[in-house]
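I have placed the structure first, in the form of structure tokens, so that the comments after it can refer back to it.
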Amino acid sequence: MKFEPLTESYFYILLCLYDGPNHGYGIMQDVLQLSDNRLRIGSGTMYGAVSNMIKKGWIIEIKGSDEDRRKRLYKLTDQGYEILSNEVIRLNELVQNASKVMGR
Amino acid sequence: MGKDTRIIHKVFTAWNYEKEEDYLFNQSVDGWELLRGGCFYSKYKRNNEKVFKYKVDFNPLGKDFNKKRLYVDIFEDQGWEYVNSTFNGWHYFKKEYNPQLPEEEYIVYTDRTSIIEMRNRWVTIARIIQLVMLLFSIYFLTITASGHNPGMLINALLYSLGSLILLFGIRKMRLEEEEWSQARKAINILSLISSIAVIVGCIFVNII
């Protein structure tokens, strides 16, 4: 499998599913909080990312519990987990190499 | 009735979709809430209580009901209300305007990649139609020139004009800072030259 760098939006959506299933609004809120209000994922961007990642098999939609049956819940698949882990390794490498060159 | 709804005939081209959003917002400020949006006409009802911001989004989802449901659900998640869709893949959404909220509340494409994807969805379809129009115009010009049917001249003219307008639209729809690939540049230039050549050809055939 070939890994390509993820966009920030894709990365954060996957990250916000790491701890367990989450719904669209929850993801948006978590991303906002994690990024200190810097990154907001709008509906158009969210739909593009979610539908694409479902197609790629990185996330799946699951049935919610009774209270939020109406909300769609998304869950990370094994493949999605692998994509996310590999991206974190890649990002770490970038930062380490930057530190080496910039001498910090 | 009568004074509570109205229809406005106004053509909005795809590449001016952001201007259309501003226009719909201004209508709402004036007390006219959108009931149905469209490329050629739009329908409004009186609403002096609430002001809405609008989003016009291009996403041909086909006939797949589940896809459309997911799409609308994700917009509703963030407070957008679905208004309607057109036959050719444009969707209208509204959200009540609150000047206290940050502008970002009303942005649906929040990164470059996704806005380019959205615009390119339209560009891909427009490109196919533009090339088909160009082929038609050449075809109609050749049958006119070979003396079969002089009445086809107007068809040749209309299709080459259509191709030119779409070429212009495709240029407008691509983000300015986005690079054109060599192949795309070549298609653009060839299309431009051929469309103009057909128009010149039409004039020439008409004179002799």
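The residue list B:29, B:51, B:11 contains one member that is out of contact with any strand residue (DSSP E or B) (no Cβ under 9 Å at 6 or more places or on another chain) and not assigned by TED's automatic domain parsing to the domain that holds residue B:172, which is B:29.
The residues in the stretch B:24-59 that are under 21 Å from residue B:79 (Cα atoms) and free of Cβ contacts under 8 Å to residues at least 12 places away in the same chain can be counted, and the count is 2. Residues of the stretch A:12-26 that are within 13 Å of chain B (Cβ to nearest Cβ) and at pLDDT 95 or above: A:12, A:13.
Could you tell me whether any residue of the stretch B:21-32 is surrounded by fewer than 20 Cβ atoms within 10 Å (Cβ to Cβ) and of a type in the set (Gly, Ala, Ser)? For the stretch B:21-32, residues surrounded by fewer than 20 Cβ atoms within 10 Å (Cβ to Cβ) and of a type in the set (Gly, Ala, Ser): present. If you go through the stretch B:122-138 and keep only what is more than 16 Å from residue B:204 (Cα to Cα) and either more than 22 Å from the chain's Cα centre (by Cα) or aromatic (Phe, Trp, Tyr) (or both), you end up with B:122, B:136.
Scan the stretch B:61-85 for residues that are part of a loop (DSSP other than H, G, I, E, B) and at pLDDT below 95 and the total you get is 6.
There is no residue in the stretch B:96-108 that is in a helix (DSSP H, G or I) and more than 13 Å from chain A (Cβ to nearest Cβ). Among the residues of the stretch A:56-89, those that are charged (D, E, K, R), open to solvent by 60 Å² or more (accessible area, probe 1.4 Å) and at pLDDT 95 or above comprise A:56, A:75, A:78, A:82. Of the residues making up the stretch A:35-50, one or more are at negative phi, more than 10 Å from chain B (Cβ to nearest Cβ) and either open to solvent by 20 Å² or more (accessible area, probe 1.4 Å) or hydroxyl-bearing (Ser, Thr, Tyr) (or both). Run residue A:20 past the list (1) surrounded by fewer than 16 Cβ atoms within 10 Å (Cβ to Cβ); (2) among the small types (Gly, Ala, Ser); (3) within 20 Å of residue B:66 (Cα to Cα) and report the number of the one that doesn't hold. Among (1) surrounded by fewer than 16 Cβ atoms within 10 Å (Cβ to Cβ); (2) among the small types (Gly, Ala, Ser); (3) within 20 Å of residue B:66 (Cα to Cα), the lone unmet condition for residue A:20 is (3).
For beta carbons closer than 9 Å, sequence separation of 6+ or different chains, a first residue in the stretch B:74-85 that is closer than 14 Å to residue B:104 by Cα and a second that is at pLDDT below 95 and hydroxyl-bearing (Ser, Thr, Tyr), the qualifying pairs are B:78/A:25. Of the listed requirements (1) farther than 19 Å from residue B:15 by Cα; (2) open to solvent by 60 Å² or more (accessible area, probe 1.4 Å); (3) more than 8 Å from chain A (Cβ to nearest Cβ), residue B:87 misses just one: (1). A search for C-beta distances below 6 Å between a residue of the stretch B:139-165 that is without any contact (Cβ under 8 Å) to a residue 12 or more places away in the chain and any residue that is open to solvent by 70 Å² or more (accessible area, probe 1.4 Å) and in a helix (DSSP H, G or I), counting only pairs 6+ apart in sequence or on different chains, returns nothing.
When you scan the stretch B:101-122, do you find a residue that is loosely packed, with under 13 Cβ neighbours inside 10 Å, more than 28 Å from residue A:38 (Cα to Cα) and in the same structural domain as residue B:160 (by TED's automatic domain parsing), even just one? For the stretch B:101-122, residues loosely packed, with under 13 Cβ neighbours inside 10 Å, more than 28 Å from residue A:38 (Cα to Cα) and in the same structural domain as residue B:160 (by TED's automatic domain parsing): absent.
Would you check if there is a residue in the stretch B:131-143 being in contact with a Cys (Cβ under 8 Å, 6 or more places away or on another chain) and more than 20 Å from residue B:91 (Cα to Cα)? Yes; the residues of the stretch B:131-143 include at least one that is in contact with a Cys (Cβ under 8 Å, 6 or more places away or on another chain) and more than 20 Å from residue B:91 (Cα to Cα).
The values are calculated or read from the model by the stated rules, or taken from the named source; none is laboratory data. What you see is a predicted model, and the numbers here were worked out from it, not measured in a lab. For neighbour counting, all protein chains shown are included, and Cβ atoms are generated from backbone atoms with ideal geometry for every residue, glycine included. We work out accessible area using only protein heavy atoms, side chains counted, and drop any ligands, DNA or RNA first. Shrake-Rupley method; radii C 1.70, N 1.55, O 1.52, S 1.80 Å.
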